[in-house]
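What follows is one structure encoded as structure tokens, with my remarks underneath.
A short reminder: the numbers here are calculations on the coordinates, not readings from a lab. No experiment lies behind these values; they were computed from the predicted model shown. Every residue, glycine as well, gets a Cβ built from its backbone with ideal geometry; the counts of neighbours run over all protein chains shown.
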Amino acid sequence: MAILKILQYPDDRLHKVATSVKQVTDSSRKLIKDMAETMYAAPGIGLAATQVDQHLRIIIVDTSEENNNLMVFINPEIISFSGESDCEEGCLSVPGIYEKVRRAERITVKALNLKGDPFSMDAEGLLAVCIQHEMDHLLGKVFVEYLSPLKQTRIRAKIKKRVRETM
């Protein structure tokens, strides 16, 4: 297993739309293991393949306190949603930035698992938010793009300043 480099906003590669996984293979399972190691090391509760510059429709999520409930979604698709929730979000690709984003409170998602078998599940609360957040990455969207243009400008300025300070 390996820790992968996480792309940082506003990297253009974060805006690439991911392609469907045609078949779950040993190669895709290795990518998922590396993504899990990367997510846990960061530390985070979700990661999309897009964030590690692999533009495949794969997301992983683990909202457990103990980091022992890894969920894998290959070619995920939200088939229903209801309610609304304003939840503060952060992102491994936008470190140190947390903002409220409005999302569906409950969702039903269908996907393939590690074996390539189809499944569906209902999610609510933090899990639903996390799945929606990670699925946005597959569409080339970063959570800060839900914010006002003014907030986006401030975030870009903050990131540029942080980059200058680390050089």
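Restricting things to alpha carbons, tell me how big the stretch 76-167 is in terms of Rg and Dmax, in Å.
Spelled out, the Cα radius of gyration and Dmax of the stretch 76-167 are 15.6, 47 Å.
Scanning the chain for helices, which whole DSSP H stretches are 18 Å or more long along the axis (Cα) and average 0.5 or more by Kyte-Doolittle?
Passing helices, by number: 125-138.
Which of the aspartates and glutamates could a cross-linker bridge to Lys16, judged by Cα under 14 Å and excluding same-chain residues fewer than eight apart?
Asp53, Glu134, Asp136
How far, in nm, would the chain grow between Leu150 and Val163 when pulled straight, counting 0.36 nm per residue and subtracting the alpha carbon separation?
On the way: separation 13, 0.36 × 13 = 4.68 nm, distance 2.01 nm.
That pair, Leu150 and Val163, stretches by 2.7 nm at full extension.
Between Lys141 and Ser27, what is the spin-label point distance in nm, taking each point 7 Å from the Cα along the Cα→C-beta axis?
Output for this residue pair reads 3.0 nm.
Take the residue pairs Lys30/Lys110; Lys33/Lys158; Lys5/Lys141 and return only those whose Cα atoms are more than 28 Å apart. Walk me through the numbers on the way to the answer.
On the way: Lys30/Lys110 22 Å; Lys33/Lys158 32 Å; Lys5/Lys141 19 Å.
Lys33/Lys158, as the Cα separations exceed 28 Å there.
Could you check the simple spin-label distance between Asp117 and His15, using points 7 Å along Cα→Cβ, in nm with one decimal?
Each label point is offset 7 Å from its Cα along the Cβ direction, giving 4.1 nm.
Which of Leu14, Leu150, Leu92 ends up with the largest GNM mean-square fluctuation for the chain, with Cα atoms connected below 10 Å?
Comparing Leu14, Leu150, Leu92 in a Gaussian network model of the chain, the most mobile one is Leu150.
Compute the FRET efficiency between Tyr98 and Ala2 as 1/(1 + (r/R0)^6), taking r as their Cβ-Cβ distance and R0 = 45 Å, and round to the nearest 0.05.
Values: r = 28 Å, r/R0 = 0.62.
So the FRET efficiency works out to roughly 0.95.
With label points built 7 Å along Cα→Cβ from the Cα atoms of Glu88 and Tyr40, find their separation and express it in nm.
The answer from the label model is 2.7 nm.
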